[in-house]
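See below for the structure under consideration.
The values are calculated or read from the model by the stated rules, or taken from the named source; none is laboratory data. Just so it is clear, the structure is predicted and the values come from calculations on it, not from any experiment. Note: ideal-geometry Cβ built from the backbone for every residue, glycine included; neighbour counts use all protein chains shown. Note: areas computed on protein heavy atoms with side chains; ligands, DNA, RNA excluded. Shrake-Rupley method; radii C 1.70, N 1.55, O 1.52, S 1.80 Å.
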Amino acid sequence: EAARRRLGRLARSESVVLDLNAILDQAGAELAGGYGHVELVYDFTDGGEADGWLHGLFRYQDKRSGHTAETSFGAHIYNIPLTYKGEPQSYAGGPPGLSTRLFLRLGRAPLETLIHLIYPASASWHPLSSTELALHDSSGEELACERIDIPCGGSRLLRYTELFDRALRERAGKGAYLVVRDPTCRLFGYAGLLNGEGAFSFDHLFGF
């Protein structure tokens, strides 16, 4: 954890704007490796209860080009075999159902595909993930598989061109995609396309 900001007790209709760069600067903190992620957590210090699920709108800006992209994300209870108010935190069957299957489309050159996989946990879970990234061509054939581990509470920022060499990418061709699998935990994250030093897109990932 690099920095923390308490928001106090918020009404259901209330919203708050946060500048993450400013929060890091005020804490005198830096992100190891140059990247990280943010977790929004219910804080009952001032009383109240979790009335509804937290949702956020996130805006990213390239400091050099000025290009911006936006996405959103909603709250979940991460990687614990519990329910809250009768709502199972699993999309396939009853809890725990804690596994990951993510589909990620890949951009064609000159676009670069970015993937940021996050392993959040609302309580202690496995220390490391057991994550596989399988490259498929447009016919569905699996051409290669890379295995990585992500620390509990951590994340990994990856690029398509760094995961698979040029020969594999050319073999995968148009319509290639990645399948992210993990039988041990629920991963979430973001995916995007980079167009050199200029424009980029970003959207969130969630799996089953």
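Shape class for segment 101-168: prolate, because the ratio a/c of the largest to smallest gyration tensor axis (alpha-carbon atoms, square roots of eigenvalues) is 1.5 or more and a/b beats b/c. Using Cβ point charges alone (K and R +1, D and E -1), the dipole size of the chain about the Cα centre works out to roughly 240 debye. Scanning residues 5 or more positions from Gly154 or on other chains, those with amide H under 5 Å from its amide H are Tyr119, with H placed 1.01 Å from N in the peptide plane. What whole number of Å gives the distance from the Cα centroid of segment 61-80 to the Cα centroid of segment 165-208? Cα centroid to Cα centroid, the span is 15 Å. Sorted from greatest to least, the principal axis extents spanned by the alpha carbons of the chain come out as 57, 44, 29 Å. What is the sum of charges, Lys and Arg at +1 and Asp and Glu at -1, for the other residues whose Cβ falls under 14 Å from the Cβ of His136? Charge balance near His136 sits at +1. When Lys63, Lys174 are compared by accessible area at a 1.4 angstrom probe, the order from most to least is Lys63, Lys174.
If you sort Ile115, Ile77 by accessible surface, 1.4 Å probe, largest first, the order is Ile77, Ile115. For segment 131-208, the square roots of the Cα gyration tensor eigenvalues, ordered a ≥ b ≥ c, give a/c of at least 1.5 with a/b no greater than b/c, which places it in the oblate category.
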